[in-house]
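Q: Quick one: structure below, then a few questions.
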Amino acid sequence: MPANNALELTDINYDTIKQNLRNFLSNQSELGDYDYDSSTMQILLNVLAYNTYMNSYYLNMVGNEMFLDSAQIRSNVVSRAKMLGYTPRSAQGPTATVQVVVTPDDSPSTITIDRNTKFRATVDGTQYIFVNTDAATMNANPSGIYSTNINITEGRPFTFRYTVSSASPVRYIIPADNVDIRSVVVRVQETSANSSVTTFNNATNLTTVTNTTDAYFLQENEDGRYELKFGDGVLGTALNDGNVINIDYRVCNGTKATGANTFVAVDNISGYSDITVNHVSRAQGGGEKETIQSIKFNAPKNYESQNRAVTRTDYENLIQNNFADIQTVSVWGGEDNNPPIYGKVYVSAKPLSGTLLAQNRKDDIKDFLLNKNILTIEPEVVDPTYLYIKPELTVKYNPDLTSLTPGQLADNIASQIINYESNQLGLFNQYYIGSRLIKDVYNVSESISSIQIEVYMQKKFKPNTSVRTTYNINFNNEIHNYENVTKAFNISSTKFTYQGNNNCYFDDDGLGNIRIYSLTSAGARTYLNSTAGSVNYTTGLVTLNDLLITAYVGDAITITADPDKDDIDGLRNQLLLIKDASISLYDTKLKSTVTTVSSINTEGTTTTIPETGVISTVY
């Protein structure tokens, strides 16, 4: 066969394959005189092209499914992740804290709330079952009432049993979808006739597993369900014929019960039915089963950390992998605080639902990290703080270059501001970049000729109205210092009551002093305290010293600062959101402002989380 008659293999498109086959056959001396447009030859070409195309597609898919980055089928993604020692996160029921009050008709010494006692809550018309994961004991108070606080988690409890048989081996699969693997408890009974039971633990650290370790290994199988494997006598204790495996687990509904805050007892407690359940904190922490995209992202990072918390990235990856309700997390060392605190690592996390984690959820994260991190380092979980960005836009446009009305153009600009916040802000370690927002606004219309943005930073704090208190308000960004040259003040605030005067505000003198003034009816400032606090223009820390503020307007006092730069950083536990953005639309033909917008529905406008400001450590 001549070399120039070789079949071209550079394209797997069906039409190209068919044409290449036709060219190849027509160049053969034995087949050169055939009519390749006839129905018979077309059928043969179609069959050959289809067969070649299908094989190419099949081999391409096989090749893709062999690698974590390109695999599309969940079972293949899970299999590749398993090679990295990664078990995909299961669905997780949310957890609430409740106070259980029992009024008995006698006087027992104690009352025990057994593990997996059922409670019921209704969310959006659907009933969900919650259970306590640990038993609790109640003692009587002086009034003869028995009460205690317990954590309850959504999910129905089940038990499934397997009998070990080497003659007819089976796979130990938990026979349910949406299993919360945090709830799995494995107890191995010696035989059905021998009640001696040994509890096996999930082996998450192979370095601690020996031939006598009572451990099981958990993995997701090809059907998306969780499967248990046991040791072989070298790595973990081997099971014997006749052993009975008891698997306790919960089947949950993911995030659907999140927010539940009204509960009733379903079961009696120690035989008593007079039970009152008061919610302490609403249900938080629910999560759906880990997605394919999340597995691809987390599995390599889990392999890097080797299930240990050493570096900042290790902490972040472990928390993201094991807590399905966490949207974003930030980690930093205590040496970065003011004053520095050595021997601690600080963690701040924002939940997917809501703005702050409940205390029991913070405790869960801390307890989880204590088993992963370096012995001498103590993890501390703190709330995120919110730094609000207030941009004031002046937009000049030529009405001849757009068919939009001024109102429509302003609405489109407002939408870009909302999109910018959604895409660029709201997570830890993100930044407000003024030039990027300007670019987005320019893309609204070719009629826009110039954009000017004045941007301000805002922090909200809720003062103690009964006790003199010192407050630390940290912007974590450099504050511009005009020093009374081009502008009167760098700091301003909303109204509050001080020394009986209900028309008071904060400002600064440009020399680092925070002052309190009141406004006269003519708008003049009368200073009541010229050394009420201090401002560090370089670090952005505003300190208010030993003040008694007896009242304030709204949900908190808002402190506004003029940033030194157009770009604003979100450091450590600080989340950036846009609040009170405004737009002034200037018509270059009329040479006047034709539209103003001041009510833009950004997330920062609806998320109002004030700080106490009462902390000895400034993050």
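Q: Are there any pairs with C-beta distances below 7 angstrom linking a residue in the range 598-619 that is of a type outside the set (Val, Ile, Thr) to a residue that is loosely packed, with under 14 Cβ neighbours inside 10 Å, with the two at least 6 apart or on different chains, and if so which?
A: Pro610/Asp555
Q: Go through the range 222-268 and count every residue that is in contact with a Leu (Cβ under 8 Å, 6 or more places away or on another chain) and of a type in the set (A, V, I, L, M).
A: Of the residues in the range 222-268, 4 are in contact with a Leu (Cβ under 8 Å, 6 or more places away or on another chain) and of a type in the set (A, V, I, L, M).
Q: Scan the range 517-538 residue by residue and report those that are touching a strand residue (DSSP E or B) at 6+ places or on another chain (Cβ under 7 Å), within 19 Å of Ile479 (Cα to Cα) and not in a loop (DSSP other than H, G, I, E, B).
A: The answer is Thr531, Ala532, Gly533, Ser534, Val535.
Q: Quick test for you: out of Ile269, Ile319, pick the one residue that is surrounded by 16 or more Cβ atoms within 10 Å (Cβ to Cβ) and in the same structural domain as Thr148 (by TED's automatic domain parsing).
A: Selected residue: Ile269, the only one of Ile269, Ile319 that is surrounded by 16 or more Cβ atoms within 10 Å (Cβ to Cβ) and in the same structural domain as Thr148 (by TED's automatic domain parsing).
Q: Confirm whether Thr291 is β-branched (Val, Ile, Thr), out of contact with any Asp or Glu (no Cβ under 9 Å at 6 or more places or on another chain), surrounded by fewer than 21 Cβ atoms within 10 Å (Cβ to Cβ) and at negative phi.
A: Judged against the criteria, Thr291 is a match.
Q: Which one is nearest to Lys289 (Cα to Cα), of the residues in the range 53-70 that are in contact (Cβ under 8 Å) with a residue 40 or more places away in the chain and surrounded by 13 or more Cβ atoms within 10 Å (Cβ to Cβ)?
A: Leu68
The rows are residues; the columns are (1) part of a loop (DSSP other than H, G, I, E, B); (2) in the same structural domain as Pro108 (by TED's automatic domain parsing); (3) surrounded by 14 or more Cβ atoms within 10 Å (Cβ to Cβ).
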site: Leu218; (1), (2), (3): no, no, yes
site: Asp223; (1), (2), (3): yes, no, no
site: Gly233; (1), (2), (3): yes, no, no
site: Gly236; (1), (2), (3): yes, no, yes
site: Asn240; (1), (2), (3): yes, no, no
site: Ile245; (1), (2), (3): no, no, yes
site: Ala260; (1), (2), (3): yes, yes, yes
site: Val277; (1), (2), (3): no, yes, yes
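Q: Residue by residue through the range 72-95, note down the ones that are under 17 Å from Glu288 (Cα atoms) and buried (at least 21 other Cβ atoms within 10 Å of the Cβ).
A: Matches in the range 72-95: Val78, Thr87, Pro88, Arg89, Ser90, Ala91, Gln92, Gly93, Pro94, Thr95.
Q: Ok, one more. From the set of residues in the range 302-334 that are hydrophobic (A, V, I, L, M, F, W, C) and in a helix (DSSP H, G or I), which is nearest to Asp363 (Cα to Cα)?
A: Ile319
Q: Further question: Condition check: among the aliphatic types (A, V, I, L, M), part of a helix (DSSP H, G or I), surrounded by 19 or more Cβ atoms within 10 Å (Cβ to Cβ) and not assigned by TED's automatic domain parsing to the domain that holds Asp580. Does Leu357 satisfy that?
A: Here the answer is no, as Leu357 does not meet what is asked.
Q: OK, next. Run Val331 past the list (1) surrounded by 22 or more Cβ atoms within 10 Å (Cβ to Cβ); (2) touching a residue at least 60 places away in the same chain (Cβ under 8 Å); (3) touching a Phe, Trp or Tyr at 6+ places or on another chain (Cβ under 9 Å) and report the number of the one that doesn't hold.
A: The failed condition is (2).
Q: Take the residues of the range 163-200 that are aliphatic (A, V, I, L, M) and in a loop (DSSP other than H, G, I, E, B): which is surrounded by the most Cβ atoms within 10 Å (Cβ to Cβ)?
A: It comes out as Ile174.
Q: Could you run through the range 397-428 and say how many residues are aromatic (Phe, Trp, Tyr) and within 36 Å of the chain's Cα centre (by Cα)?
A: 2
Let's see how each residue does on (1) out of contact with any His (no Cβ under 7 Å at 6 or more places or on another chain); (2) assigned by TED's automatic domain parsing to the domain that holds Asn278; (3) closer than 22 Å to Glu220 by Cβ; (4) not basic (Lys, Arg):
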{"residue": "Asn60", "(1), (2), (3), (4)": "yes, no, no, yes"}
{"residue": "Ser70", "(1), (2), (3), (4)": "yes, no, yes, yes"}
{"residue": "Arg74", "(1), (2), (3), (4)": "yes, no, yes, no"}
{"residue": "Val77", "(1), (2), (3), (4)": "yes, no, yes, yes"}
{"residue": "Lys82", "(1), (2), (3), (4)": "yes, no, yes, no"}
{"residue": "Thr87", "(1), (2), (3), (4)": "yes, no, yes, yes"}
{"residue": "Val100", "(1), (2), (3), (4)": "yes, yes, no, yes"}
{"residue": "Ser107", "(1), (2), (3), (4)": "yes, yes, no, yes"}
{"residue": "Thr110", "(1), (2), (3), (4)": "yes, yes, no, yes"}
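Listed here are the residues, each with its yes/no results for (1) buried (at least 17 other Cβ atoms within 10 Å of the Cβ); (2) of a type in the set (Val, Ile, Thr).
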position	(1), (2)
Leu548	no, no
Asp555	no, no
Gly570	yes, no
Leu575	yes, no
Leu585	yes, no
Thr588	no, yes
Thr606	no, yes
Pro610	yes, no
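Q: Consider the range 335-354. How many of its residues are surrounded by 16 or more Cβ atoms within 10 Å (Cβ to Cβ) and either among the aliphatic types (A, V, I, L, M) or in a helix (DSSP H, G or I) (or both)?
A: Number satisfying all stated conditions: 5.
Q: What's the total number of residues in the range 136-162 that are among the small types (Gly, Ala, Ser) and either surrounded by 13 or more Cβ atoms within 10 Å (Cβ to Cβ) or under 18 Å from Val184 (Cβ atoms) (or both)?
A: Residues that pass the stated criteria total 4.
The values are calculated or read from the model by the stated rules, or taken from the named source; none is laboratory data. Just so it is clear, the structure is predicted and the values come from calculations on it, not from any experiment. All Cβ positions, glycine included, derive from the backbone under ideal geometry; neighbour counts span all protein chains shown.
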